[in-house]
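Working notes for the structure below.
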Amino acid sequence: MADIEGFVRSMPKCELHLHIEGTLEPELKFRLAERNGVALPYRTVDEARAGYDFHDLSSFLVGYYQGMSVLVTEPDFYELAYAYFEKAAAQGVEYAEIFFDPQGHTSRGVEFGTVVRGLRRAQLDARRMLGLHTQLIMCFLRDFQAEYAMATLLESLPYRDWIIGVGLDSDERGNPPAKFAAVFARARAEGYLLTMHCDVDQENSIGHIRQCLHEIGVDRIDHGVNILEDPALVDEVRRRRLGLTICPVSNRFVTDGTKAAELGRLLDAGVLVSVNSDDPAYFTAYVTENLLTVQRELNLGRDQMITLQRNAIESSWAPPAIRRQILDKLAALNS
Ligand code: ADE
Ligand code: ZN
């Protein structure tokens, strides 16, 4: 295929940084609000979209938490996830790891089991009806106390087989990785894989990346582009083949740009960087739009686009058979 855009659209894809609550499109938000009798601060879908006025992480998070208040019952979580799975499959996503924020719901009185059972049922249907493989990553909200994260971890144990790993998200200011060292140590002992957000251009981003690597022992880092401030750490993640899940359009909303140039430098350095969508309903870009943003900004060719997908699957927590299947498809594109 001659045109690179068509090539990107048709590639098999893998998504590793996707908050399921961040896929809540205004149309579904209104339907669920009505069904559950939840009041929203806008009257129409257009008004809701026009109200998205994000300029940094904190201002985004206000709208994100307010939006998820419409999710109450197990069918709500099913519908949320299945709607995303349909969109992802239509974009050629064959494997996705999905973050969910249980404390965004349990803190409002929704039971942990309600959330996870709805998501699980959608995952099973997506596998059967769309051929899409997915796994769940449970994130702790870093602006809550570590004790609440620990209680959430314990609450997850009956569902241990449904959850591949744990992450850390929400407002990073004043909430460093080290605050959750005991929680992540226990999570590892329970067999969970570990990742953490190191959001872009935060206070002491590089220090947080260092803590993730040396104090927590993460298996992957979400965002993490500030690692370029310390070449020794860049070298370390390259050698250890630790992935960085980068979200260009999200970066454009909450920082001063897409950070595509930084992504390009990391790609050239041989770091396992991947391109992901973060909160696509809010940033109005799913994975294909994120990939095309980077392709255009850096004028990447087919080989580099394939490398980005290979990085994603190699830094994923996919079962070996899925990993092999996607790598084989990518290898066939090269020949
Ligand atoms: N929660 C949802 N999206 C997030 C992001 N990009 N950073 C931190 N917390 C989040
Ligand atoms: Zn994120």
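The values are calculated or read from the model by the stated rules, or taken from the named source; none is laboratory data. This structure is a prediction, so every number in the text was calculated from the model and none was measured. No Cβ is skipped: glycine too gets one built from the backbone with ideal geometry, and neighbour counts run over all protein chains shown. These area figures cover heavy atoms from the full protein model, side chains too; ligands, DNA and RNA do not enter into them. Shrake-Rupley method; radii C 1.70, N 1.55, O 1.52, S 1.80 Å.
Points to keep in mind about this one:
- Charged side chains reduced to their Cβ positions (Lys and Arg at +1, Asp and Glu at -1) give the range 272-315 a dipole of some 180 debye around its Cα centre.
- Placed amide H near LEU132: partners under 5 Å, 5+ positions off or other chain: ARG127
- Rg over Rh for the chain works out to 0.94, using Cα positions for both radii and the Kirkwood form for Rh.
- Residues in the range 200-335 average 38 Å² of solvent-accessible surface per residue, probe 1.4 Å, ligands and nucleic acids excluded.
- Global geometry of the range 272-316, whether rounded, prolate or oblate, following the gyration tensor of its Cα atoms and the 1.5 cut on a/c: oblate
- Size of electric dipole in the range 189-335: Cβ of Lys, Arg +1 and of Asp, Glu -1, about Cα centre, debye, nearest 20: 700
- Per-residue ³J(HN,Hα) for the range 84-92, Karplus 6.51 cos²θ - 1.76 cosθ + 1.60, θ = phi - 60°, Hz, x for Gly and Pro: 5, 4, 5, 5, 4, 4, 5, 8, x
- Calculated [222 nm] ellipticity per residue, helices only, for the chain: -15000 deg cm²/dmol; basis is -39500 (n - 2.57) per DSSP H run with n ≥ 4, divided by all residues, nearest 500.
- Local net charge near LEU16, Cβ-Cβ under 10 Å (Lys/Arg +1, Asp/Glu -1): -2
- Close amide H contacts of VAL93 (hydrogens built in the peptide plane, cut-off under 5 Å, sequence separation of 5 or more or a different chain): LYS13.
- Here's the list of lysines a cross-link from LYS13 could span, going by alpha-carbon distance under 20 Å and ignoring same-chain residues fewer than 8 apart: LYS87, LYS329.
- Additional length obtainable on full extension of the chain from ARG49 to ARG296, 0.36 nm per residue less Cα span: 86.4 nm
- Positive dipole terminus of the chain, leading residue within ALA181, SER69, VAL249 (C-beta point charges): ALA181
- Residue by residue, the range 191-202 carries 3J(HN,Hα) couplings of x, 6, 7, 10, 9, 8, 6, 10, 4, 7, 6, 8 Hz when phi is fed to the Karplus relation 6.51 cos²θ - 1.76 cosθ + 1.60 (θ = phi - 60°); x denotes Gly or Pro.
- Here the dipole of the chain is about 1000 debye; that uses its Cα centre as origin and unit charges on the Cβ of Lys and Arg (positive) and Asp and Glu (negative).
- Longest exposed-site-free window of the chain, the sites being GluC sites (Glu not before Pro) in a DSSP loop that have at most 15 other C-beta atoms within 10 Å: 204-335
- Computed over the Cα atoms of the range 101-257, the ratio of the radius of gyration to the Kirkwood radius (Rg/Rh) comes to 0.98.
- Three-way shape label, the range 128-204, alpha-carbon gyration tensor, a/c 1.5: oblate
- In the range 92-170, trypsin sites (Lys or Arg not before Pro) in a DSSP loop with at most 15 other beta-carbon atoms within 10 Å: ARG108
- Subtracting the Cα-Cα distance of ARG239 and GLU190 from their residue separation scaled by 0.36 nm leaves 15.0 nm.
- Surface share of carbon and sulfur [accessible, 1.4 angstrom probe, percent] for the chain: 51
- Rounded, prolate or oblate (a/c below 1.5 giving rounded, otherwise prolate when a/b exceeds b/c) for the range 50-92 by Cα gyration tensor: oblate
- Using R0 = 30 Å, the C-beta based FRET efficiency linking ARG265 and TYR65 works out to 0.35.
- From phi via Karplus (6.51, -1.76, 1.60), per-residue ³J(HN,Hα) for the range 18-26 in Hz, x at Gly/Pro: 8, 8, 4, 5, x, 9, 6, 6, x
- Here each label is just a point 7 Å from Cα along the line to Cβ, and for GLU289 and LEU124 those points are 3.3 nm apart.
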